[in-house]
1. Residue check: is GLU87 closer than 22 Å to SER14 by Cα, of a type in the set (Asp, Glu) and within 16 Å of the chain's Cα centre (by Cα)?
2. Does GLY131 fit the bill of being at pLDDT below 95 and surrounded by fewer than 18 Cβ atoms within 10 Å (Cβ to Cβ)?
3. Within region 44-73, track down each residue that is of a type in the set (A, V, I, L, M), in contact with a Leu (Cβ under 9 Å, 6 or more places away or on another chain) and at pLDDT below 95.
4. Which one is nearest to VAL148 (Cα to Cα), of the residues in region 5-43 that are among the acidic types (Asp, Glu) and at pLDDT 95 or above?
5. Take the residues of region 69-117 that are crowded, with 20+ Cβ neighbours inside 10 Å and small (Gly, Ala, Ser): which is farthest from ARG53 (Cα to Cα)?
6. Can you go through ARG46, ARG53 and tell me which one is free of Cβ contacts under 8 Å to residues at least 60 places away in the same chain, out of contact with any strand residue (DSSP E or B) (no Cβ under 6 Å at 6 or more places or on another chain) and surrounded by 17 or more Cβ atoms within 10 Å (Cβ to Cβ)?
7. Return a yes/no flag: does region 94-117 have any residue that is of a type outside the set (Lys, Arg) and under 12 Å from the mean Cα position of the chain (by Cα).
8. Hey, any hits in region 24-35 for a residue that's closer than 19 Å to PRO124 by Cβ and under 14 Å from the mean Cα position of the chain (by Cα)?
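The values are calculated or read from the model by the stated rules, or taken from the named source; none is laboratory data. Computed from a predicted structure; not experimentally measured. When we count neighbours, we look across all protein chains shown, and the Cβ atoms used for this are built from the backbone with ideal geometry, even at glycine.
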Amino acid sequence: MDTRTLHNPYSDRSLDLGRVDEPLLICGGAYSNLEALSALFETAHRLGIESERIIHTGDVVAYCADPQATATLLRERKVHCIQGNMEESLGVGMEDCGCGFEEGSPCEQLSAAWFAYADARIGPELRRWMGSLPCQLTFVMGERHVRVVHG
């Protein structure tokens, strides 16, 4: 297991959207599930929410079958993505997901399998994209100042 410490999620890598006056869709954990992400985009379209008004809170890839296609779709649609532990792990070449599961536990054993699967399918361009994602995103809506982080 790689013992390097993951980056502080409250780092200075931040994206400020400024004042937002239209509805946003905030989601997270696409988890390599291309079908679910496609359904989310269809719902957003029906609601009149453009991709640029979607915020994804991290873990683009994980448990499901399509890590490359899922990450590519989010990137191509210009969704505002925040770096979660999966994006950081893949972006810097970690050997595990950075989830902190207890060594030898069922969660740690299962995560090793799906991480290896995702790791083998994410190319260098998407790794650079993941490594460059902001760790937090801020905006103002009405009188509220909002900060979004991976959690």
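1. yes
2. No, not satisfied.
3. Listed by number, the list holds a single entry, ALA65.
4. Once the filter is applied, the top-ranked residue is ASP16.
5. It comes out as GLY98.
6. Being free of Cβ contacts under 8 Å to residues at least 60 places away in the same chain, out of contact with any strand residue (DSSP E or B) (no Cβ under 6 Å at 6 or more places or on another chain) and surrounded by 17 or more Cβ atoms within 10 Å (Cβ to Cβ) holds for just one of ARG46, ARG53, which is ARG53.
7. Looking for residues that are of a type outside the set (Lys, Arg) and under 12 Å from the mean Cα position of the chain (by Cα), one finds none in region 94-117, hence no.
8. yes
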